[in-house]
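Notes to accompany the following structure.
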Amino acid sequence: MSTPAKVAPASSSVGEGAPALLLAEFNAPSEVLHAAKALREAGYTHFDTHSPFPIHGMDEAMGLGDSKLGLIVFPIGLLGGTLAFTMIHWMNNIDYPIIIGGKPASVASLPSMIPVMFELTVLLSAFATVFGMLHLNKLPRHHHPIFNSDRFASFSNDKFFVSVEATDPKWSAEKTRNLLEAAHAHHIELVYDDEEGGEDLDEAPLGSPSTSPGKVHA
């Protein structure tokens, strides 16, 4: 457990913002894997894990299914091939028929359409992949409250974190904190949706008069 944080006077402004998430810090990948599994089994859905490297088994621990991106890319790619075929068929066989070698213009000239159909299929699929990914990840988002935590900067170095969003239907600051403590979190921080950083929860019970309004300095 980390050293108890010093609590600033109650006049500080950290409590003015709405709680955005609980951020739990772990020291090993096995710990964060266990925490993710515990949250999933408890019914949480709006949570994420943050680590310096991919952790094997994390998708299963979090209950993540297959990517939905294919459901966006496949129909758009199919549309690209269909549009290319329709365009070439209209131009060469209907609007301005081209008869070559005495052969009438028809859909039998499909082999000559394949290069354009392929290129338009790939082009629209690429656009669908990029914009679909941005939509599914709710991007662009220029700032997230999790970056208000100073401790979170170490997630790309040697620490592991689990964040539980306040938008989760199962959200309860006290119950969620107890769950994360049971998963052996080494540090738990209540992060607000403002620019004042987070509130250290290691010293006193959540919601107690000594910690809720105050700003914490490590």
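Brief remarks on what is shown
- Whole-Å distance, taken between Cα centres, linking the stretch 122-177 and the stretch 30-46: 16
- The string of couplings for the stretch 133-145 from the Karplus curve (6.51, -1.76, 1.60, θ = phi - 60°) is 4, 4, 5, 5, 8, 6, 10, x, 10, 7, 7, 10, x Hz, one whole number per residue in order, with x for Gly and Pro.
- FRET E, pair Phe74, Ile94, Förster distance 35 Å, beta-carbon r, rounded to 0.05: 0.75
- Neighbour counts of other Cβ atoms within 10 Å put Asp95, Asp48 in the fewest-to-most order Asp95, Asp48.
- Net charge of neighbours whose Cβ lies under 13 Å from the Cβ of Ala61, counting Lys and Arg as +1 and Asp and Glu as -1: -3
- Take every Cα pair under 8 Å whose residues are at least 6 apart in sequence, average their separation, divide by the length of the stretch 69-136, and the relative contact order is 55 percent.
Since every read-out is calculated from the coordinates, none of them should be taken as a lab result. Predicted, not measured: the structure shown is a model, and the values here were computed from it. For neighbour counting, all protein chains shown are included, and Cβ atoms are generated from backbone atoms with ideal geometry for every residue, glycine included.
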